[in-house]
Amino acid sequence: MNVPHSIPVERQAFRDAMAGLAAAVNVITTDGPHGRAGFTATAVCSVTDQPPTLLVCINRGASVYESFTGNGMVCVNTLGNGQQALSNAFGGKTAQEERFATGHWSQGVTGAPILEGAKLSFDCRITSSTSVGTHDILICEVLDIRQQNEADVLVYFARRYHELAGTQASV
Ligand SMILES: NC(=O)c1ccc[n+]([C@@H]2O[C@H](COP(=O)([O-])OP(=O)(O)OC[C@H]3O[C@@H](n4cnc5c(N)ncnc54)[C@H](O)[C@@H]3O)[C@@H](O)[C@H]2O)c1
Ligand SMILES: Cc1cc2c(cc1C)N(C[C@H](O)[C@H](O)[C@H](O)COP(=O)(O)O)c1[nH]c(=O)[nH]c(=O)c1N2
């Protein structure tokens, strides 16, 4: 079978198609010698459960990039219903102080900020990374998990937020 290799997919066509994938909304945080920082990410998924590992894609052009790669620690805070303001604040163009002022934070094993009231928080160490196009794929080993089983879930789909009723997840 002849597979057409040379038909380019336009950037906008790719984005329009990706808008059809529903995704959880996460505020990714870090702290350490390279500063406290955070950004919103939907490009997060499970990689393997041995060792428990997830990935986070971060744009190398983001103002927070050096803080994340320099500190080498991250917390993936998955948002629940009613936390759209946090997603918007961490979604770009606002100062870090302003972003963190929208939530209440604690610290766990890695020192990265843990969002009080998040649906889930994965405290992680970055074990490796790979550059693809404009982004780095951060491979993050999960060292600790905090969760609210009954919390509702915030979903980003078709360029807007949707709320889902909570479901039980077990660790
Ligand atoms: N992976 C990402 O970097 C990513 C993901 C989602 C949203 N965003 C950013 O958030 C803003 C709002 O996004 P939106 O979903 O409302 O509309 P949009 O049209 O900008 O994006 C639609 C979808 O395309 C994908 N996408 C967008 N920008 C991308 C990028 N630079 N690299 C890889 N995939 C990308 C995402 O799946 C996104 O949900 C935009 O500035 C967008 O760039 C970035
Ligand atoms: C819903 C949604 C989802 C995502 C984003 C935005 C929004 C609103 N952004 C963009 C990212 O949050 C933004 O670029 C950072 O906050 C960095 O912005 P500054 O460079 O600091 O202004 C984003 N960026 C990224 O590198 N990976 C991702 O998965 C996502 N996902």
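The table for this structure:
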{"read-out": "Under 5 Å, built H, 5+ apart or other chain: amide partners of residue 114", "value": "106, 107, 108"}
{"read-out": "Length-normalised contact order for the chain - Cα pairs under 8 Å, 6+ apart - percent", "value": "25"}
{"read-out": "Neighbourhood charge, 13 Å Cβ-Cβ cut-off, centred on residue 37 and excluding it, Lys, Arg +1 and Asp, Glu -1", "value": "-2"}
{"read-out": "Interatomic Cα distance distribution for the range 65-168, bins of 5 angstrom, percent", "value": "2, 12, 18, 21, 23, 17, 6, 1"}
{"read-out": "Net lengthening on full extension, residue 137/residue 88 (0.36 nm per residue, minus Cα-Cα)", "value": "15.4 nm"}
{"read-out": "Within the chain, helix-based [θ] at 222 nm, where runs of 4 or more DSSP H residues each add -39,500 (n - 2.57), nearest 500", "value": "-3500 deg cm²/dmol"}
{"read-out": "Mean shadow area of the range 113-164, taken as a quarter of the surface of its Cα convex hull (nm²)", "value": "5.3"}
{"read-out": "Square roots of 5 times each gyration tensor eigenvalue, C-alpha, the range 1-152, largest first, Å", "value": "27, 18, 17"}
{"read-out": "Within the chain: Cβ-based charge dipole about Cα centre, in debye rounded to nearest 20 (Lys, Arg +1; Asp, Glu -1)", "value": "380"}
{"read-out": "Neighbour-limited loop hits for GluC sites (Glu not before Pro), the range 84-171 (at most 13 other Cβ within 10 Å; DSSP other than H, G, I, E, B)", "value": "116, 150"}
{"read-out": "Selected from 9, 53, 84, residue furthest toward positive end of dipole (the chain; charges at beta carbon)", "value": "9"}
{"read-out": "Förster-model FRET efficiency, 30 Å R0, residue 34 and residue 157, C-beta, rounded to 0.05", "value": "0.35"}
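A short reminder: the numbers here are calculations on the coordinates, not readings from a lab. Bear in mind that the values here come from a model prediction, so they are computed numbers and not experimental data. Counting neighbours? That spans all protein chains shown, and the Cβs are built from the backbone with ideal geometry, glycine included.
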